[in-house]
Amino acid sequence: MFTLDINGTTCPLKEDVNLLDFLRDELKLTSVKNGCSEGACGACTVLVDDKAMRACVLTAAKVDGRKITTLEGLADREKEAYAWAFAEAGAVQCGFCTPGMIISAKALLDKNPDPQAGEIKKAIRGNICRCTGYIKIEQAIALAAKVLRGEMQIRASVRAGIGTSMPRVDAREKILGTGQYVDDIHIKDMLYGAVLRAKYPRALVKRIDVSAARACPGVEAVLTAEDVPGERYWGFIIKDWPVLVAAGEETRYVGDAVALVAARSRKIARDALALIKVDYEELEPLTTAGLALSNSAPRIHSKGNLLSTTRINRGNAVEALAKSAHVVTNHYVTPVTEHAFMEPESALAVPHGDDGITVYVASQSVYEDRNGIMSILGWPAEKVRVISRRVGGAFGGKEDLSVQHHAALLAVKTQKPVKLTLTRRESILVHPKRHAMDLELSTGCDGDGRITAIIARIVADTGAYASLGPPVLQRACTHIGGPYHVPNADITGLCVYTNNPPAGAFRGFGVPQVCFACETNMDLLAEKADISPWEIRYRNALEPGIAMATGQIAGPDTAIKETLLAVKEIYQTNPVVGIASAIKNTGLGVGVPDTGRVKIEVRNGKVLVLTSAACVGQGVATILTQVVSETTGLPAEEIEVGAPDTFLTPDAGTTTASRQTLFTGEAARRAALLLVEDMRRFSLTQLEGKEYLGEYTGETDPLNSAKRDPVNHVAFSYATQVVVLDDQGRVKRVTAAHDIGRAINPRAVEGQIEGGIAMGLGYALREKFPLEKGVPTARFGTLGLFRSTDMPEVEVILIEKNSSSLAYGAKGVGEIATVPTAPAVGSAYRRYDGKARFSLPLADTPYQKDGS
Ligand code: FES
Ligand code: FES
């Protein structure tokens with residue numbers, strides 16, 4: 001018998017249990033999150049007496065007789081202080097880490113009410129945040145401390161409207177842990193799903209015997225490939241990904257699903273997996289693109305192992321390089337990396353008999369999820385409703401189906417609600433990663449350092465399934481010229497299937513890899529041309545009216561030169577410093593249909609904004625509130641944004657390609673303009689029930705279009721980042737100048753950039769995803785993610801130069817923040833020790849010794 005005092009209530013327990021499971025499942029204290037179950041992320045932090053500890057590695061026996069405090073147990077005064085301070089500082093993005101952060105903050109402030117900045121950093125070192133870069137969290141804790149000391153009053157927030165840093169509309173519920181993520185939902189009598197994964201990355205499945213699992217008490221269904229009623233293969237671009245691998249087929253990676261179980265408890269479901277017998281004939285996996293492309297390689301898919309090829313040819317690059325005054329040619333290698341969003345994938349499917357099914361998800365597009373589930377079930381759209389709950393980070397890793405379809409299949413079979421949440425180990429195994437790339441890049445210039453030509457060969461390991469591999473490779477090819485005028489370009493990219501985990505969308509979408517190559521070559525070319533790295537970039541930077549490597553003419557909003565000028569002084573006045581510039585498209589582009597949609601409804605005297613645009617932490621609901629407020633003049637309190645729901649909200653496309661602020665922002669502006677017309681004559685009360693649909697489609701031309709001056713993308717963002725190292729070779733400061741068009745919410749933009757830099761620093765210095773014969777060996781704690789104490793100072797400079805009326809001039813910012821960081825860090829190390837580095841993470845830095 002154990003006795004715990006939880007938030008002031010005595011809880012007797014007959015048996016020893018895991019503390020996190022007890023808090024979440026039994027007591028429904030869902031502010032305590034499960035990010036890893038292995039003591040590595042801090043999302044489950046609780047106070048044990050007065051010490052911040054991780055609930056996932058504690059048991060009732062270990063904390064017997066102790067006092068446990070979760071966020072729910074904080075005094076109202078404390079809750080208000082943290083809620084205001086975190087919202088005001090812009091410290092919340094996806095919010096999944098936030099309750100754990102606050103508990104760590106409370107542990108500090110209870111002992112030390114007036115901490116120094118370094119003490120705050122140290123206090124949250126055990127709490128990973130993948131979104132914010134920690135800076136605003138540290139500011140929020142300092143602000144909360146002031147309020148709790150009585151030195152500051154909680155103030156009213158600023159008005160909504162363009163250019164104001166209004167707090168996020170969903171901040172409070174995320175901060176206080178009341179916002180619902182899918183795994184927080186409990187439905188009476190729901191079942192738990194579990195998935196049997198392939199034992200080998202490549203093996204022939206000879207036989208699957210589920211009889212023992214089916215007979216297991218508490219198990220309600222065990223499904224295999226033959227139980228899929230509709231199409232058994234799915235995929236965005238190519239339907240090559242089996243929902244379940246059938247007997248007689250080969251596995252293609254270790255995340256492949258072989259069987260599904262639904263049972264009355266999570267434990268029974270997972271234990272039943274061990275009872276499923278699968279006979280395999282193990283086969284040698286193809287673990288590199290080189291092996292997969294060899295003549296003797298077996299075919300991973302029937303059409304062969306070369307998934308796609310991208311070619312861009314402008315002018316005569318071979319001849320131009322031959323005539324160049326200087327040429328630099330290098331071979332670059334970039335690694336697989338993991339999104340490490342804080343919320344593992346989760347879906348809850350609720351069946352309604354013949355009427356269909358509702359699936360609660362946390363993904364980047366409810367419509368893409370619906371389309372996938374429809375085809376797998378063989379059902380029409382009206383029978384599949386997909387609703388989003390809060391999304392605990394995504395970064396591209398929640399575009400593909402991962403759990404949604406499996407939960408739906410189990411719910412339809414059992415006719416009971418089924419929740420399927422991946423363990424962190426499975427999450428790492430299953431979803432597509434950042435592509436590993438091999439790049440060979442030649443860059444030439446004339447005697448003045450002006451670029452003459454580039455020749456690039458890119459080979460991307462796209463793993464087992466297509467996912468979004470072909471467009472990722474295409475973005476790599478279209479961006480390898482950088483933000484420069486490149487008169488001659490010869491670019492070839494190959495996207496190759498292997499038996500590694502699939503690779504797909506990941507913040508930057510192929511551009512961080514090629515930016516590393518492009519920018520490192522620029523530094524080396526500057527040396528040959530005897531000009532500074534800053535100067536070579538400035539001389540070649542795009543200007544309005546100048547052609548890019550793809551032939552698109554840079555628009556009037558192009559402000560790469562302004563970003564360079566903004567960092568010139570800091571670059572020139574620091575001895576150990578590196579620089580890199582970047583370009584990143586906004587929107588899908590290249591002729592792919594791309595539409596943002598918003599429906600505004602007047603309901604109960606308020607304006608309800610409905611759109612399927614997923615908020616994955618970037619804050620699209622806040623942006624739409626600001627756009628509608630600016631357009632209509634209504635205060636934020638009279639505007640609400642509904643959750644993505646395929647039955648209620650129009651399809652605004654996927655949250656990808658840094659597109660939602662521009663595309664859905666513009667759709668919201670258009671819908672709001674229609675409302676404004678009516679508001680001239682009627683009050684909102686009189687307009688009750690009226691609807692206004694806004695839509696914006698970006699018209700673009702396909703790559704290599706024969707059209708003169710093709711438009712491949714509706715907008716591009718630009719950035720230059722400067723990295724300063726200290727005497728020990730650690731990153732001391734990053735200055736990031738970003739051309740973002742127009743900052744709808746400057747603090748939110750800063751937050752995106754700071755978080756992107758944290759991710760970029762991890763990519764540059766420490767993040768790895770080792771594979772042993774195609775099998776991932778990383779755990780959450782060994783991914784090398786940056787912690788609060790790793791973060792340098794970050795200065796963000798926003799350049800706003802866009803006079804376009806589209807979405808009030810906003811361009812994408814979500815991805816570009818991560819893009820130039822790694823080459824800027826590499827550039828700084830070249831200055832530090834004279835060595836050029838051609839692979840990531842960069843070798844011979846103090847960070848290699850840190851581990852994580
Ligand atoms: S869930 Fe406990 S540390 Fe991650
Ligand atoms: S806000 Fe910290 S992980 Fe998303």
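Values in this text are rule-based calculations from the coordinates and carry no lab data. The shown structure was predicted, so the numbers you read here are calculated from the model rather than taken from an experiment. Please note: Cβ atoms are built from the backbone with ideal geometry, for glycine as well, and neighbour counts cover all protein chains shown.
So the values come out like this:
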quantity	calculated
Residue pairs, from the table LYS67/LYS419; LYS773/LYS835; LYS122/LYS398; LYS28/LYS79, whose Cα atoms sit over 27 Å apart	LYS67/LYS419; LYS773/LYS835; LYS122/LYS398
Exposure proxy ranking, count of Cβ atoms within 10 Å, fewest first, for MET342, MET548	MET548, MET342
Chain lengthening between GLU699 and ASP189 when straightened (0.36 nm per residue, less Cα-Cα)	178.7 nm
FRET efficiency, 1/(1 + (r/R0)^6) with R0 45 Å, evaluated for LEU608 and LYS51 via beta carbons	0.50
Cross-link partners of LYS277 among aspartates and glutamates (Cα-Cα below 12 Å; sequence separation of 8 or more within a chain)	ASP209
Trypsin sites (Lys or Arg not before Pro) restricted to DSSP loop in the range 299-331 with at most 15 other C-beta within 10 Å	ARG299, LYS303, LYS323
The chain: DSSP helices with Cα axial extent of at least 24 Å and average Kyte-Doolittle hydropathy no lower than -1.0	511-529, 660-679, 746-765
Point-charge dipole on Cβ atoms (K/R +1, D/E -1) for the chain, about Cα centre, debye to 20	540 debye
Global geometry of the chain, whether rounded, prolate or oblate, following the gyration tensor of its Cα atoms and the 1.5 cut on a/c	rounded
Chymotrypsin sites (Phe, Trp or Tyr not before Pro) restricted to the range 672-733 and DSSP loop, no more than 15 other C-beta within 10 Å	PHE682
Total charge dipole magnitude, the range 332-375, about the Cα centre, Cβ charges on Lys, Arg, Asp, Glu only, Debye to nearest 20	80 debye
Cut-off under 5 Å, modelled amide H: who pairs with ALA466 long-range	ASP240
Relative contact order [Cα under 8 Å, 6+ residues apart], the chain, whole percent	14 percent
Set of aspartates and glutamates near LYS111 by C-alpha distance (under 14 Å), chain-local residues within fewer than 8 positions excluded	ASP49, ASP50, GLU119
Longest exposed-site-free window of the chain, the sites being GluC sites (Glu not before Pro) in a DSSP loop that have at most 10 other C-beta atoms within 10 Å	152-698
Potential extension, THR573-GLU688 segment - 0.36 nm per residue separation minus Cα distance	35.4 nm
The range 542-567-the range 254-299 distance, computed between alpha-carbon centres (Å)	47 Å
GLU795 paired with ARG264, simple spin-label distance in nm, labels 7 Å along Cα-to-beta-carbon	6.4 nm
Dipole of the range 274-343 [Lys/Arg +1, Asp/Glu -1 at C-beta], most positive-end residue of THR287, THR309, HIS326	HIS326
Magnitude of the charge dipole, the range 422-555, Cβ model with Lys/Arg +1 and Asp/Glu -1, debye to 20	640 debye
Loop-resident sites, the range 730-764, for trypsin sites (Lys or Arg not before Pro), counting at most 15 other Cβ within 10 Å (DSSP)	ARG730
Helical mean residue ellipticity (222 nm; -39500 (n - 2.57) per DSSP H run of 4+; nearest 500) of the chain	-8000 deg cm²/dmol
